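The values are calculated or read from the model by the stated rules, or taken from the named source; none is laboratory data. From a predicted model like this one, the values you see are computed outputs, not experimental measurements. Here Cβ is always computed from backbone atoms with ideal geometry, including for glycine, and neighbour counts include all displayed protein chains.
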Amino acid sequence: MELLELAATLPGLWSSMAKNRSPIGSSFRHGLPTQLHTPGGGSMTSYEARTRLYDSAELLDGFNRNDPMGFTKTRDFFIFRQFVQDGLSTPTSNDVRQQQAAHDAGISGALASYLKKARPLVGIMGGHRLNRDDPAYKMVADLAQRLTQEGFLVATGGGPGAMEAAHLGATFVNADESDLKKALQVLCRHSELPRLTHSLFNDDGSIKPSLIEDLQKANSWFTAALDAREFCPSTQGESLAIPTWRYGQEPTTPLATAYAKYFQNSIREEALVAKSKTGIIYARGGGGTIREIFQDAEENYYAEKPSDFTPMIFFDPDKYWQHNTEFDPPGSAKRHGVKIDGVITEMFRLARAPRDDTEVCLEKVRFTIDFDEIITLLKSQIPWAQANLTLMLEGRSAELPAASWNR
């Protein structure tokens, strides 16, 4: 059967699956998974409660690299498909809401257990539209590799673009420069991920025929990451991805070693920003990255003392965060940017003036691409970061500095 015919078949299957809440599995019927088994041989329902984080093998269960639609046959994509059918982040069914909440609560518990044993965590935030052949992509990968070599745990939102670049660098922590170069060459064969939205499906859950070609291109883009991973030495570097099924139309990077994947994006964002106590690095990005910047800025705005102020590092070779977008006369962007340096500085001047620690805190806000400068700043934060993270992970958040609660 041709793919276009395949995507349009079985109009009643999706609603039947939603009604019966069937276990997900490795058998497929006309392109829609009816049951997906775990790597250990068990099965799961869409919103099963979790006691541990995911790994890439579990999320990729069902993937066939010879299938041009391979990533749409994975457990990861099946759960996304069910999530969309159930109403995304605002399901109408109370039963579904409770199941999603139980799942996300379990992920939060598993993440806390994981971080208790982890190295100092540094977040790398950045846009999903950063192409693999952009020099900024390689620079993020190089920085993440250096951070991992220096003993930090890199965490991202687990998506494409700058996030994937960070996991690439962490993965290749023990590799020669030539191995990373080969991996980048493979990735650049499919440098750009097609623009996809969650509106991939018909009402019956089948994939819209008009989007088959874009999904095939996305599958080629995804498969290139798996191919690139083959150049990594046997000892893969550790990294943490914190993605969400809210953006499940985009393949989750297969390059992380642990995945705290959530249904609710708001909980995921809080986990990503709040846990990155050692510091956060901001590569170029759009609306999502800007939201994370100001979420982080709010935490720092109310920091009781300079040691609680988390480093914010704005990292881009083209100084993306220090100039506004420049447009051609027809209105096309010729140089992208979001000038944020002024507003961030003035925000903290306002916040810190009553405490008379403005300059000390502003020392932790850097616009730089100097690796040594970044490493030195992050290492200086480790003692306070680990102490505050321990309080949070042990459920003793009330003992955190009181100003953090002053909203």
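From the list GLY342, GLY331, GLY337, which one is surrounded by 11 or more Cβ atoms within 10 Å (Cβ to Cβ) and either farther than 30 Å from TYR114 by Cα or at pLDDT below 85 (or both)?
Matching residue, one of GLY342, GLY331, GLY337: GLY337.
Considering only residues of segment 68-85 that are in a helix (DSSP H, G or I) and among the aliphatic types (A, V, I, L, M), which is surrounded by the fewest Cβ atoms within 10 Å (Cβ to Cβ)?
The selected residue is VAL84.
Pick from segment 40-64 the residues that are more than 23 Å from the chain's Cα centre (by Cα) and either on the phi < 0 side of the Ramachandran plot or surrounded by 15 or more Cβ atoms within 10 Å (Cβ to Cβ) (or both): which of them is modelled with the highest pLDDT?
Ranking the candidates gives ASN64 first.
Can you tell which of TYR114, TYR137 is among the hydroxyl-bearing types (Ser, Thr, Tyr) and closer than 20 Å to THR223 by Cβ?
TYR137
What is the residue count in segment 158-193 for residues that are in contact (Cβ under 8 Å) with a residue 24 or more places away in the chain, out of contact with any Asp or Glu (no Cβ under 8 Å at 6 or more places or on another chain) and among the small types (Gly, Ala, Ser)?
7
Since LYS117 meets every condition but one in (1) surrounded by fewer than 21 Cβ atoms within 10 Å (Cβ to Cβ); (2) among the basic types (Lys, Arg); (3) closer than 27 Å to TRP245 by Cα; (4) touching a helix residue (DSSP H, G or I) at 6+ places or on another chain (Cβ under 9 Å), which condition does it not meet?
(4)
Given the criterion touching a strand residue (DSSP E or B) at 6+ places or on another chain (Cβ under 9 Å), outside any helix (DSSP H, G or I), at pLDDT 95 or above and β-branched (Val, Ile, Thr), identify the matching residue among THR289, THR278.
One residue alone meets the criteria, THR278.
Restricting segment 122-144 to residues that are touching a Lys or Arg at 6+ places or on another chain (Cβ under 7 Å) and assigned to a loop (DSSP other than H, G, I, E, B), which is surrounded by the most Cβ atoms within 10 Å (Cβ to Cβ)?
Looking at residues that are touching a Lys or Arg at 6+ places or on another chain (Cβ under 7 Å) and assigned to a loop (DSSP other than H, G, I, E, B), I get GLY126.
For THR253, which of the numbered conditions (1) without any contact (Cβ under 8 Å) to a residue 40 or more places away in the chain; (2) part of a loop (DSSP other than H, G, I, E, B) fails to hold?
Result: THR253 fails condition (1) only.
Could you tell me which numbered condition THR74 fails, if it satisfies all but one of (1) of a type in the set (Ser, Thr, Tyr); (2) out of contact with any Asp or Glu (no Cβ under 8 Å at 6 or more places or on another chain); (3) closer than 18 Å to TYR54 by Cα?
Going through (1) of a type in the set (Ser, Thr, Tyr); (2) out of contact with any Asp or Glu (no Cβ under 8 Å at 6 or more places or on another chain); (3) closer than 18 Å to TYR54 by Cα one by one, THR74 breaks only (2).
Check segment 301-310 and report whether any residue there is without any contact (Cβ under 8 Å) to a residue 40 or more places away in the chain and farther than 19 Å from ASP76 by Cα.
Taking every residue of segment 301-310 in turn, none turns out to be without any contact (Cβ under 8 Å) to a residue 40 or more places away in the chain and farther than 19 Å from ASP76 by Cα.
Looking only at segment 193-228, count every residue that is crowded, with 18+ Cβ neighbours inside 10 Å and under 20 Å from ALA162 (Cβ atoms) and tell me the total.
7
Count, please, the residues in segment 170-190 that happen to be outside any helix (DSSP H, G or I) and either of a type in the set (A, V, I, L, M, F, W, C) or touching a Phe, Trp or Tyr at 6+ places or on another chain (Cβ under 8 Å) (or both).
Of the residues in that region, 3 qualify.
Could you tell me whether any residue of segment 293-312 is farther than 26 Å from LEU121 by Cβ, surrounded by fewer than 18 Cβ atoms within 10 Å (Cβ to Cβ) and modelled with pLDDT of 95 or more?
Among the residues of segment 293-312, not one is farther than 26 Å from LEU121 by Cβ, surrounded by fewer than 18 Cβ atoms within 10 Å (Cβ to Cβ) and modelled with pLDDT of 95 or more, which makes the answer no.
Among (1) touching a residue at least 24 places away in the same chain (Cβ under 8 Å); (2) over 22 Å from ALA144 (Cβ atoms); (3) surrounded by 15 or more Cβ atoms within 10 Å (Cβ to Cβ), which single condition is ARG355 missing?
Failing condition for ARG355: (3).
Can you pull out the residues in segment 383-401 that are out of contact with any Lys or Arg (no Cβ under 7 Å at 6 or more places or on another chain) and either modelled with pLDDT of 95 or more or among the small types (Gly, Ala, Ser) (or both)?
If the condition is that a residue be out of contact with any Lys or Arg (no Cβ under 7 Å at 6 or more places or on another chain) and either modelled with pLDDT of 95 or more or among the small types (Gly, Ala, Ser) (or both), then ALA387, GLY395, SER397, ALA398 are the ones that fit.
What about TYR114, is it within 24 Å of LYS275 (Cβ to Cβ) and aromatic (Phe, Trp, Tyr)?
Here the answer is yes, as TYR114 does meet what is asked.
Does at least one position in segment 96-109 carry a residue that is touching a residue at least 12 places away in the same chain (Cβ under 8 Å), within 28 Å of LYS275 (Cβ to Cβ), touching a Ser or Thr at 6+ places or on another chain (Cβ under 7 Å) and not aromatic (Phe, Trp, Tyr)?
yes
Which numbered condition in (1) assigned to a loop (DSSP other than H, G, I, E, B); (2) within 19 Å of PRO254 (Cα to Cα) is the only one that ARG119 fails?
It fails just one condition, (2).
Give just the number: which of (1) at pLDDT 95 or above; (2) closer than 16 Å to ASN202 by Cα does VAL84 not satisfy?
Condition (1) is where VAL84 drops out.
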